[in-house]
1. Name the residue, out of A:ALA91, A:ALA153, A:ALA119, that is modelled with pLDDT under 90 and in contact with a helix residue (DSSP H, G or I) (Cβ under 7 Å, 6 or more places away or on another chain).
2. What number of residues within segment A:94-111 are modelled with pLDDT under 80 and open to solvent by 60 Å² or more (accessible area, probe 1.4 Å)?
3. Are any of the residues in segment B:12-20 within 19 Å of A:ALA115 (Cβ to Cβ), assigned to a helix (DSSP H, G or I), at pLDDT 85 or above and of a type in the set (Gly, Ala, Ser)?
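The values are calculated or read from the model by the stated rules, or taken from the named source; none is laboratory data. Just so it is clear, the model here is predicted, and its values are computed rather than measured. A quick note on method: Cβ atoms are made from the backbone with ideal geometry, for glycine too, and the neighbour counts reach across all protein chains shown. These accessible areas exclude ligands, DNA and RNA; they are computed on the full protein's heavy atoms, side chains included. Shrake-Rupley method; radii C 1.70, N 1.55, O 1.52, S 1.80 Å.
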Amino acid sequence: VHALADVTGETLRSWRQSKGWDVPRMARELRKAARDSGEDVAAHHGLVKMIPQWERGGRAPRERYKLLYLKVFGDIARDLSPGMALGTDFAIRLAEVRSRAARLPGPEEIKALEAAALAKPRESMTPAQIRSRAAETITHLHEVATKLAELSALLGDDGDKS
Amino acid sequence: MSARDDEIRRVVAELDVHVAKVEADLAVLKALLADDEVPAEEDLS
């Protein structure tokens, strides 16, 4: 994902300053973007310490933090760095897909939906079809979990939450 | 583009497909519940 490799500390600072945000505000925005995606990130005070380090270039943010930056600054990233557009768009797509995945219900909720649907007789769908649809949904849900794990491994999401 | 980038793109594309299928299936199940369709036979008496 070239967009991520191309983001320097100086770029991160210029994006933040272009919004007129101080570091604590930047930390809040990153945490908000993470919450929207259903992801865990460092506590506010941890981010307040890490952001200046990232901006000075003394320490590189992990890719999941860069993805959060791209989510927060997607439009600016495209405007300021046209050459990064393809990569930036992909990074934003990645964040969106992860966000959609995070909003999916768990298998228990799907089983509850199935039970509720079975309790109300329908002409449009037989009980066998309802069971089949629910089972298929849970199968795809497991595939989603597998792919999310693969993605986390590829992106190095290994718990840099401090 | 590196092999790792290709791999990330492939996994994201597959993830997108599976998420879309779950979303579609959920929409069908929820529509069943939302739809005030025909009452059960015993209600027609």
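1. A:ALA91
2. So the answer is 1.
3. Checking segment B:12-20: not a single residue is within 19 Å of A:ALA115 (Cβ to Cβ), assigned to a helix (DSSP H, G or I), at pLDDT 85 or above and of a type in the set (Gly, Ala, Ser).
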